[in-house]
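Trainee: A single structure is presented below for examination.
The values are calculated or read from the model by the stated rules, or taken from the named source; none is laboratory data. Predicted, not measured: the structure shown is a model, and the values here were computed from it. Counting neighbours? That spans all protein chains shown, and the Cβs are built from the backbone with ideal geometry, glycine included.
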């Protein structure tokens, strides 16, 4: 085992990372997400209203917090389906670093919504984990009832994981001479003492209906860890002048916090010209003909990154 070294918390601000950490004296582990250029790039590809952009950014931060447990391969997906003005959010996290996202919403209902009003409404949020290879794909689902993404994540871990967990999410815009730019941040803290009864991060699905959940006594270590983490303020998670290490030091300096190698994050879409070409070739010519636009070409725009690609229908027998 590599020996831990003591040093001062770095003041260097590094954006677009997941920073794992541990407070071993409190049997607590967690991850800190800081998103700067990546979330601004992702949102700038769309013409979302401000409230929808904020919701998408929260979902991306949450997906990065949870999906980063997949390490070197696998895919994590966060998806909501609900009755509110924003009827769907979809975030794909391709381990270890790539994220993309989209929202579907009713423009008229979104425009009528009051500031701060819940845009999701009643529905559900699903976490789908595909570890890759021959490992089993599984899913966890939690109800949405106007509580927001942060509270929904808390309820998921309380009901399905049975691991004491605290989640914080924050989104905002900075203003500089270069203009306005989106930022997002997230923090997850979990109580994981050495015990065979504890499981880390994800359960392979919700327990069957009627199953009595296993209750874990919260001892003094978690009570203190949760209280410290709960002091995290939204502005600290997105502050472009505050480093992730300095923030963690603020929270846990009296107990000692150990940070691990960060993982970079990037706004990268899976779409490609080759993929769209293969999709078009899978359709019969009569269906491809219906896709031809007024300019005599086939235009396909990716919902995730808004990239438009143009294809000649003659290449598909039309």
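Trainee: Return the pairs, sorted by first residue and then second, in which the second residue is crowded, with 20+ Cβ neighbours inside 10 Å and in a loop (DSSP other than H, G, I, E, B), the first residue lies in the stretch 227-238 and is assigned by TED's automatic domain parsing to the domain that holds residue 36 and at pLDDT 95 or above, the beta carbons are less than 9 Å apart, and the residues are 6+ apart or on different chains.
Mentor: Correct list of pairs: 238/36.
Trainee: Please return the ranges of strands (runs of 3 or more DSSP E) entirely within the stretch 23-121 where 3 or more residues are more than 18 Å from residue 238 (Cα to Cα) and in contact with a strand residue (DSSP E or B) (Cβ under 7 Å, 6 or more places away or on another chain).
Mentor: By residue number, 75-82, 86-94, 98-105.
Trainee: On to the next question. Residue check, residue 223 against (1) in contact (Cβ under 8 Å) with a residue 24 or more places away in the chain; (2) out of contact with any strand residue (DSSP E or B) (no Cβ under 9 Å at 6 or more places or on another chain); (3) surrounded by fewer than 17 Cβ atoms within 10 Å (Cβ to Cβ), all met but one. Which one?
Mentor: Going through (1) in contact (Cβ under 8 Å) with a residue 24 or more places away in the chain; (2) out of contact with any strand residue (DSSP E or B) (no Cβ under 9 Å at 6 or more places or on another chain); (3) surrounded by fewer than 17 Cβ atoms within 10 Å (Cβ to Cβ) one by one, residue 223 breaks only (1).
Trainee: Can we say residue 255 is modelled with pLDDT under 95, touching a strand residue (DSSP E or B) at 6+ places or on another chain (Cβ under 9 Å), surrounded by 13 or more Cβ atoms within 10 Å (Cβ to Cβ) and within 23 Å of residue 76 (Cα to Cα)?
Mentor: When the stated conditions are applied, residue 255 does not pass them.
Trainee: Can you find even one residue in the stretch 139-149 that is more than 16 Å from residue 76 (Cβ to Cβ), within 16 Å of the chain's Cα centre (by Cα) and touching a residue at least 24 places away in the same chain (Cβ under 8 Å)?
Mentor: Within the stretch 139-149, one or more residues are more than 16 Å from residue 76 (Cβ to Cβ), within 16 Å of the chain's Cα centre (by Cα) and touching a residue at least 24 places away in the same chain (Cβ under 8 Å).
Trainee: Taking residue 294 as meeting all but one of (1) over 21 Å from residue 41 (Cα atoms); (2) surrounded by fewer than 17 Cβ atoms within 10 Å (Cβ to Cβ); (3) touching a helix residue (DSSP H, G or I) at 6+ places or on another chain (Cβ under 7 Å), write down the number of the exception.
Mentor: Among (1) over 21 Å from residue 41 (Cα atoms); (2) surrounded by fewer than 17 Cβ atoms within 10 Å (Cβ to Cβ); (3) touching a helix residue (DSSP H, G or I) at 6+ places or on another chain (Cβ under 7 Å), the lone unmet condition for residue 294 is (3).
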